[in-house]
1. Kindly establish whether C182 is open to solvent by less than 20 Å² (accessible area, probe 1.4 Å), part of a strand (DSSP E or B) and within 13 Å of the ligand (Cβ to nearest atom).
2. Could you please find all residues in region 220-232 being within 11 Å of the ligand (Cβ to nearest atom), outside any strand (DSSP E or B) and open to solvent by less than 50 Å² (accessible area, probe 1.4 Å)?
3. Please verify whether region 267-290 includes one or more residues that are surrounded by fewer than 17 Cβ atoms within 10 Å (Cβ to Cβ), within 14 Å of the ligand (Cβ to nearest atom) and modelled with pLDDT under 95.
4. Among the residues of region 117-132, write down those that are of a type in the set (A, V, I, L, M) and at pLDDT below 95.
5. Can you find a residue in region 194-202 that is in contact with a strand residue (DSSP E or B) (Cβ under 8 Å, 6 or more places away or on another chain), within 6 Å of the ligand (Cβ to nearest atom) and assigned by TED's automatic domain parsing to the domain that holds F243?
6. List every residue pair whose Cβ atoms lie under 9 Å apart, where the two residues are 6 or more positions apart in sequence or sit on different chains, the first residue falls within region 151-164 and is farther than 15 Å from W115 by Cα, and the second residue, located anywhere, is open to solvent by 50 Å² or more (accessible area, probe 1.4 Å) and in a loop (DSSP other than H, G, I, E, B).
Amino acid sequence: MTRSLDGLVYEPVPGFEDHLENELAGGWTSYGPFYFVPNDPPEPRVPPAEPRVFWRRNIWQKPFILEFDSISRAASALREIQRNWAPSLFTRFRRGTLIAEKLPPLSEKPRRFPWLPPDTPMGAWTLLDDRTILASAECVSPFPGGIIRFEEDKQGPPSRAYLKLWEALTLARRRPAPGDLCLDAGASPGGWTWALAKLGARVTAVDRSPLSAPVAAMDGVRFIKHDAFTLKPEEIGGIDWLFCDAACFPSRLFDWVEKWLASGLCENYVCTIKMRGGPDTADFDTPRRFAAIPGSRVVHLCHNKHELTYIRTAASAAEGHNRVVR
Ligand SMILES: C[S@@+](CC[C@H](N)C(=O)[O-])C[C@H]1O[C@@H](n2cnc3c(N)ncnc32)[C@H](O)[C@@H]1O
């Protein structure tokens, strides 16, 4: 027997449940480790103008409860809906493993960047007890359970930060083309610059600390030793992409990105919003201001730590709406 739930289920980022609770500001009920927020008023609803919840690994957009009496019936009920079902946090229940074994397998192999996730829907499910499934056929993340693993390069990049850049570009479904001009602010030691130069882009890397020597010597890379935020867009000139992974207050990054947007000199952005403080003191407002910029999204990447990622491309701006529901 299935029963639709009128609302959204938020899958928290492990370790940052308190941040999600702050964003949800009450109004949620627990389903195991998940947060269910009922629609208010009930469907049909008008989506809020601005997304406001970012500290989540995934959003289950069409949640339902499935009560089952046998493992094979549970698996066939899910299979009848669609092929792809990612299990989540059910390890307490052995029945979860048995149901998962009866579902079509999902590839667990690390992806080689660049890679585009298929358009087919990726569902999610968990067991609330040994007779009850909580599931959703539609989720915000195209990755199973909101997680993507890449084939890592253990030799080339000087840090593992390039993995979050790869994840952001995969979500954006866009990346710099060979010859594109990129500004990489807060570039040292050079993981992002390395990833961009490997795509054939021309990279201006800015930092107060130097790049690692092998990255600085890559084709198309030039380095400017400078405070990135005191560089005016007009001093740099037109660029195709702006990247920023500099450690700074979120509001400082916002002011700088606003200047770039107003200048019309860059259309594509991937920036890390570094957070400080706990759930009572962290800046929850600035990510909302970023998300309110037309064509923008703010996400917690599975490669992010205590930080969020701002993504805006010329294509998402042309679509004219912000892609994440809440
Ligand atoms: C997390 S690291 C960047 C890692 C880099 N993306 C990579 O892939 O290797 C943050 C960098 O921001 C730089 N940074 C902090 N404030 C800056 C500023 N105002 N201007 C330029 N760089 C800055 C720091 O020097 C540091 O190298």
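1. Numbers: open to solvent by less than 20 Å² (accessible area, probe 1.4 Å): yes; part of a strand (DSSP E or B): yes; within 13 Å of the ligand (Cβ to nearest atom): yes.
It is true that C182 is open to solvent by less than 20 Å² (accessible area, probe 1.4 Å), part of a strand (DSSP E or B) and within 13 Å of the ligand (Cβ to nearest atom).
2. D227, A228, F229, L231
3. Within region 267-290, one or more residues are surrounded by fewer than 17 Cβ atoms within 10 Å (Cβ to Cβ), within 14 Å of the ligand (Cβ to nearest atom) and modelled with pLDDT under 95.
4. Within region 117-132, L127, L128 qualify.
5. No, every residue in region 194-202 fails to be in contact with a strand residue (DSSP E or B) (Cβ under 8 Å, 6 or more places away or on another chain), within 6 Å of the ligand (Cβ to nearest atom) and assigned by TED's automatic domain parsing to the domain that holds F243.
6. Short answer, once both residue conditions are applied: P157/P189; P158/P189; S159/P189; R160/E152; A161/P189.
Rundown of residues vs (1) open to solvent by 10 Å² or more (accessible area, probe 1.4 Å); (2) among the hydrophobic types (A, V, I, L, M, F, W, C); (3) part of a helix (DSSP H, G or I), yes/no style:
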site	(1), (2), (3)
K154	yes, no, no
L163	no, yes, yes
L169	no, yes, yes
S188	yes, no, no
V215	no, yes, yes
M218	yes, yes, no
E234	yes, no, yes
F243	no, yes, no
A246	yes, yes, no
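The values are calculated or read from the model by the stated rules, or taken from the named source; none is laboratory data. None of these values were measured; they are calculated from a predicted model. Please note: Cβ atoms are built from the backbone with ideal geometry, for glycine as well, and neighbour counts cover all protein chains shown. The accessibility values were calculated without ligands, DNA or RNA, using every heavy atom of the protein model including side chains. Shrake-Rupley method; radii C 1.70, N 1.55, O 1.52, S 1.80 Å.
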